[in-house]
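Here the structure comes first, spelled out in C-alpha coordinates, and everything after it is commentary.
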Amino acid sequence: DTKVSVKKLIVGTFDLHRKMKNYLSLVKFSHTIFAMPFALIGFFLAVQFTSAVFEWHLLLKVVLCMVFARNAAMAFNRFIDRNIDQKNPRTAIREIPAGIIKANAALWFVILNSIAFVVTTYFINPLCLALSPVALAVVLGYSITKRFTALCHLILGLGLSLAPIGAYLAVTGEFHIVPLL
(Lines give C-alpha, C1' and ligand atoms only; values in the text may rest on other atoms or scores of the structure.)
Protein backbone atom coordinates (compact mmCIF):
# COMPACT_ATOMS: atom_id res chain seq x y z
CA ASP A 1 0.00 0.00 0.00
CA THR A 2 2.81 2.41 0.89
CA LYS A 3 4.76 1.49 -2.26
CA VAL A 4 1.67 2.14 -4.40
CA SER A 5 1.11 5.52 -2.72
CA VAL A 6 4.73 6.55 -3.20
CA LYS A 7 4.62 5.45 -6.84
CA LYS A 8 1.43 7.49 -7.42
CA LEU A 9 3.05 10.50 -5.76
CA ILE A 10 6.15 10.20 -7.94
CA VAL A 11 4.13 9.72 -11.15
CA GLY A 12 1.87 12.65 -10.19
CA THR A 13 4.90 14.85 -9.51
CA PHE A 14 6.40 14.06 -12.91
CA ASP A 15 3.02 14.69 -14.58
CA LEU A 16 2.71 18.08 -12.83
CA HIS A 17 6.28 18.94 -13.84
CA ARG A 18 5.53 18.04 -17.46
CA LYS A 19 2.34 20.15 -17.49
CA MET A 20 4.13 23.13 -15.94
CA LYS A 21 6.90 22.80 -18.52
CA ASN A 22 4.30 22.75 -21.31
CA TYR A 23 2.58 25.91 -20.06
CA LEU A 24 5.92 27.68 -19.56
CA SER A 25 6.74 26.80 -23.16
CA LEU A 26 3.29 27.98 -24.33
CA VAL A 27 3.97 31.49 -22.98
CA LYS A 28 7.71 31.46 -23.70
CA PHE A 29 8.43 32.17 -20.04
CA SER A 30 12.13 32.68 -20.77
CA HIS A 31 11.11 35.76 -22.78
CA THR A 32 9.29 37.09 -19.70
CA ILE A 33 12.65 37.38 -18.00
CA PHE A 34 13.87 39.60 -20.85
CA ALA A 35 10.71 41.78 -20.64
CA MET A 36 10.98 42.18 -16.85
CA PRO A 37 13.43 45.14 -16.97
CA PHE A 38 10.65 47.34 -18.35
CA ALA A 39 8.67 46.95 -15.13
CA LEU A 40 11.77 47.12 -12.94
CA ILE A 41 12.82 50.42 -14.52
CA GLY A 42 9.50 52.01 -13.61
CA PHE A 43 9.62 50.59 -10.10
CA PHE A 44 13.14 51.80 -9.33
CA LEU A 45 12.60 55.19 -10.99
CA ALA A 46 9.71 55.76 -8.61
CA VAL A 47 11.71 54.63 -5.59
CA GLN A 48 14.74 56.71 -6.59
CA PHE A 49 13.06 59.97 -7.61
CA THR A 50 10.13 60.21 -5.18
CA SER A 51 9.73 59.99 -1.46
CA ALA A 52 8.63 56.36 -1.81
CA VAL A 53 10.44 53.74 0.20
CA PHE A 54 11.63 50.45 -1.29
CA GLU A 55 9.35 47.59 -0.23
CA TRP A 56 10.05 43.99 -1.14
CA HIS A 57 6.39 42.97 -1.02
CA LEU A 58 5.50 45.71 -3.52
CA LEU A 59 8.32 44.67 -5.84
CA LEU A 60 6.99 41.09 -5.69
CA LYS A 61 3.48 42.31 -6.60
CA VAL A 62 4.85 44.28 -9.55
CA VAL A 63 6.77 41.22 -10.76
CA LEU A 64 3.65 39.06 -10.35
CA CYS A 65 1.59 41.56 -12.34
CA MET A 66 4.15 41.51 -15.12
CA VAL A 67 4.17 37.70 -15.20
CA PHE A 68 0.37 37.35 -15.04
CA ALA A 69 -0.25 39.97 -17.75
CA ARG A 70 2.39 38.52 -20.05
CA ASN A 71 1.17 34.95 -19.48
CA ALA A 72 -2.37 36.02 -20.33
CA ALA A 73 -1.23 37.90 -23.44
CA MET A 74 1.03 35.14 -24.78
CA ALA A 75 -1.47 32.35 -24.12
CA PHE A 76 -4.25 34.43 -25.71
CA ASN A 77 -2.06 35.00 -28.76
CA ARG A 78 -1.43 31.26 -29.05
CA PHE A 79 -5.14 30.54 -28.52
CA ILE A 80 -6.25 33.06 -31.16
CA ASP A 81 -3.64 31.84 -33.67
CA ARG A 82 -4.13 28.12 -33.12
CA ASN A 83 -5.81 27.47 -36.50
CA ILE A 84 -3.23 29.52 -38.39
CA ASP A 85 -0.40 27.85 -36.46
CA GLN A 86 -1.78 24.42 -37.36
CA LYS A 87 -1.37 25.16 -41.10
CA ASN A 88 2.20 26.46 -40.84
CA PRO A 89 4.88 23.74 -40.55
CA ARG A 90 7.06 26.05 -38.43
CA THR A 91 4.31 26.70 -35.86
CA ALA A 92 2.38 23.41 -36.08
CA ILE A 93 4.63 22.03 -33.35
CA ARG A 94 3.44 24.64 -30.83
CA GLU A 95 1.56 23.35 -27.83
CA ILE A 96 -2.03 23.96 -28.96
CA PRO A 97 -1.82 22.85 -32.62
CA ALA A 98 0.25 19.82 -31.60
CA GLY A 99 -2.39 18.85 -29.02
CA ILE A 100 -0.01 19.10 -26.07
CA ILE A 101 -2.32 21.69 -24.50
CA LYS A 102 -6.02 21.74 -25.37
CA ALA A 103 -7.40 25.05 -26.69
CA ASN A 104 -9.95 25.28 -23.85
CA ALA A 105 -7.21 24.69 -21.28
CA ALA A 106 -5.18 27.51 -22.83
CA LEU A 107 -8.22 29.79 -22.70
CA TRP A 108 -8.70 28.95 -19.02
CA PHE A 109 -5.03 29.74 -18.49
CA VAL A 110 -5.66 33.18 -20.05
CA ILE A 111 -8.68 33.75 -17.82
CA LEU A 112 -6.91 32.63 -14.64
CA ASN A 113 -3.85 34.79 -15.34
CA SER A 114 -6.08 37.77 -16.13
CA ILE A 115 -7.95 37.31 -12.85
CA ALA A 116 -4.68 36.90 -10.96
CA PHE A 117 -3.42 40.13 -12.55
CA VAL A 118 -6.51 42.09 -11.50
CA VAL A 119 -6.50 40.60 -7.98
CA THR A 120 -2.83 41.46 -7.56
CA THR A 121 -3.49 45.06 -8.61
CA TYR A 122 -6.18 45.19 -5.92
CA PHE A 123 -3.48 44.56 -3.35
CA ILE A 124 -1.25 47.28 -4.82
CA ASN A 125 -3.46 50.38 -4.88
CA PRO A 126 -6.86 51.63 -6.17
CA LEU A 127 -5.38 53.35 -9.24
CA CYS A 128 -3.66 50.19 -10.43
CA LEU A 129 -6.87 48.24 -9.87
CA ALA A 130 -8.92 50.80 -11.82
CA LEU A 131 -6.47 50.71 -14.74
CA SER A 132 -6.02 46.92 -14.78
CA PRO A 133 -8.79 46.30 -17.36
CA VAL A 134 -7.21 48.91 -19.63
CA ALA A 135 -3.82 47.20 -19.36
CA LEU A 136 -5.38 43.82 -20.11
CA ALA A 137 -7.30 45.23 -23.08
CA VAL A 138 -4.06 46.54 -24.57
CA VAL A 139 -1.90 43.45 -24.00
CA LEU A 140 -4.65 41.07 -25.13
CA GLY A 141 -5.70 43.42 -27.94
CA TYR A 142 -2.48 42.99 -29.90
CA SER A 143 -3.49 39.45 -30.84
CA ILE A 144 -6.70 40.76 -32.39
CA THR A 145 -5.31 43.90 -34.04
CA LYS A 146 -2.69 41.95 -35.98
CA ARG A 147 -5.53 40.42 -37.96
CA PHE A 148 -6.64 43.72 -39.50
CA THR A 149 -3.86 46.32 -39.33
CA ALA A 150 -0.16 46.61 -40.01
CA LEU A 151 -0.12 49.08 -37.10
CA CYS A 152 -0.59 46.22 -34.64
CA HIS A 153 3.02 46.60 -33.54
CA LEU A 154 2.13 50.01 -32.14
CA ILE A 155 -0.29 48.17 -29.84
CA LEU A 156 2.46 45.70 -28.96
CA GLY A 157 4.81 48.61 -28.17
CA LEU A 158 2.09 50.29 -26.13
CA GLY A 159 1.66 47.07 -24.17
CA LEU A 160 5.38 46.93 -23.41
CA SER A 161 5.37 50.61 -22.45
CA LEU A 162 2.65 49.97 -19.88
CA ALA A 163 5.07 47.96 -17.72
CA PRO A 164 7.23 50.88 -16.51
CA ILE A 165 4.17 53.12 -16.22
CA GLY A 166 2.27 50.51 -14.22
CA ALA A 167 5.24 49.83 -11.94
CA TYR A 168 5.68 53.56 -11.33
CA LEU A 169 1.97 53.85 -10.50
CA ALA A 170 2.29 50.88 -8.16
CA VAL A 171 4.95 52.69 -6.14
CA THR A 172 3.53 56.23 -6.21
CA GLY A 173 -0.19 55.79 -6.78
CA GLU A 174 -0.19 58.80 -9.11
CA PHE A 175 0.64 59.75 -12.67
CA HIS A 176 3.91 61.44 -13.59
CA ILE A 177 5.81 62.22 -16.79
CA VAL A 178 8.92 60.27 -15.69
CA PRO A 179 7.80 56.74 -16.68
CA LEU A 180 6.54 58.05 -20.01
CA LEU A 181 9.99 59.30 -20.86
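The values are calculated or read from the model by the stated rules, or taken from the named source; none is laboratory data. Bear in mind that the values here come from a model prediction, so they are computed numbers and not experimental data. Ideal geometry is used to build each Cβ from the backbone, glycine not excepted, and the neighbour counts take in all protein chains shown. Accessible surface areas use protein heavy atoms only, side chains included; no ligands, DNA or RNA. Shrake-Rupley method; radii C 1.70, N 1.55, O 1.52, S 1.80 Å.
Observations on the model:
- Net charge over other residues, Cβ less than 12 angstrom from the Cβ of residue 117 (K, R count +1; D, E count -1): +2
- Per residue, the chain exposes 61 Å² of solvent-accessible protein surface, assessed with a 1.4 angstrom probe and all protein chains in place.
- Here region 11-133 is assigned +1 on the Cβ of each Lys and Arg and -1 on the Cβ of each Asp and Glu. Its dipole about the Cα centre then comes out at about 460 debye.
- Top positive-direction residue, dipole computed over the chain with Cβ charges, set 119, 54, 25: 25
- Additional length obtainable on full extension of the chain from residue 175 to residue 55, 0.36 nm per residue less Cα span: 41.3 nm
- Order of exposure, largest accessible area first, which applies to 51, 25 with probe 1.4 Å: 51, 25
- Global size of the chain: 18.7, 65 Å for Rg and Dmax (C-alpha atoms, Rg to one decimal, Dmax whole).
- Working note: 222 nm ellipticity from helices only, DSSP H runs with n ≥ 4, each -39,500 (n - 2.57), summed and divided by the residues of the chain, gives -26000 deg cm²/dmol to the nearest 500.
- You can think of it this way: the chain between residue 28 and residue 149 has 41.1 nm of extra reach, that is 0.36 nm per residue less the Cα-Cα gap.
- Ranked order, 100, 111, 124 - accessible area, probe 1.4 Å, largest first: 100, 111, 124
- Taken along the Cα-to-beta-carbon direction at a fixed 7 Å, the label points for residue 16 and residue 35 span 2.7 nm.
- Within the straight-line cut-off of under 12 Å between alpha carbons, the aspartates and glutamates reachable from residue 28 are 95, sequence neighbours fewer than 8 places apart in one chain being disregarded.
- 13 Å beta-carbon shell around residue 73, net charge (K/R +1, D/E -1): +3
- Local electrostatic count at residue 96 - Lys and Arg +1, Asp and Glu -1, tallied over other residues with Cβ under 9 Å: +1
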